[in-house]
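Report on the following structure.
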Amino acid sequence: MKTTPQAVFRKLAALYERMGIAYDAAAQGLGLSCSGCADNCCRSFFQHHTYVEWAYLWQGLEAMPEDRRQEYERRAAAYLREAREALDRGERPAVMCPLNDDGLCGVYSHRLMICRLHGVPTVTVRPDGGRQTFPGCFRSQELCAGREDFPVLDRTALYRDLARLEMEFLGSRLRQLPRVDLTLAEMIVSGKPL
């Protein structure tokens, strides 16, 4: 029996819930809060890598009123122009996410994995045994300075489960489609992935 996109999206929503629990535990253990932060993670230049998240993002976009979605599409096009200009100058883009509405995510329940996990220190163990670490946002790094006992969110199982959902979502198309390496703005401007 073929898996439907909606069945995969339900599993993705459950995985996102697990991510939230893991993030909250690490943030609370660190004493990390975004409240009053001078920086904004929504200005980070993130690349996203899965069709399943791209499609789920579009499920959220399609559920909103058309005028609101069109505004996000307009902002996404502006984001791409600003990001290209920064890249042409040899700079890493620091452009506000097109889905940010006065500090709040316009598709909060459909936001992608990196948007959910950025901020706290993390580790990921690759299939070859190598470890990738991220020290967390600047506020997180300040909270960790001089400490050896700070919590680190292990993303390994979360990434593995997301990869499984990607395989389930794509099925036989998995090896036929190009790899995803897009900003959220590119995902919006490009439209639904499949």
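Most exposed first by the Cβ proxy, i.e. fewest other Cβ within 10 Å, how do 137, 34, 41 rank?
On the way: 137 20, 34 13, 41 16.
Ascending Cβ contact count within 10 Å gives the list 34, 41, 137.
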Checklist line | Ellipticity estimate at 222 nm from DSSP helix runs (n ≥ 4, -39,500 (n - 2.57)) divided over the chain, nearest 500 | finding: -15500 deg cm²/dmol
Next item on the list: Please identify every one of the trypsin sites (Lys or Arg not before Pro) in the stretch 85-188 that sits in a loop by DSSP and has no more than 14 other beta carbons within 10 Å of its own beta carbon.
Entry: 89, 147, 175, 179
Check: Can you tell me the Rg and the Dmax, both Å, for the Cα atoms in the stretch 5-189?
Finding: 17.1, 50
Notebook entry, point to check: Going from the alpha-carbon gyration tensor of the stretch 45-118, what semi-axes, largest first and in whole Å, does one get by taking the root of 5 times each eigenvalue?
Noted result: 21, 15, 11
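Values quoted throughout were computed directly from the atomic coordinates according to the rules given, and no laboratory measurement underlies them. Note that the structure is predicted; figures quoted are calculated from it, not measured. FYI the Cβ positions are ideal-geometry reconstructions off the backbone, even for glycines, and counts take in every protein chain you see.
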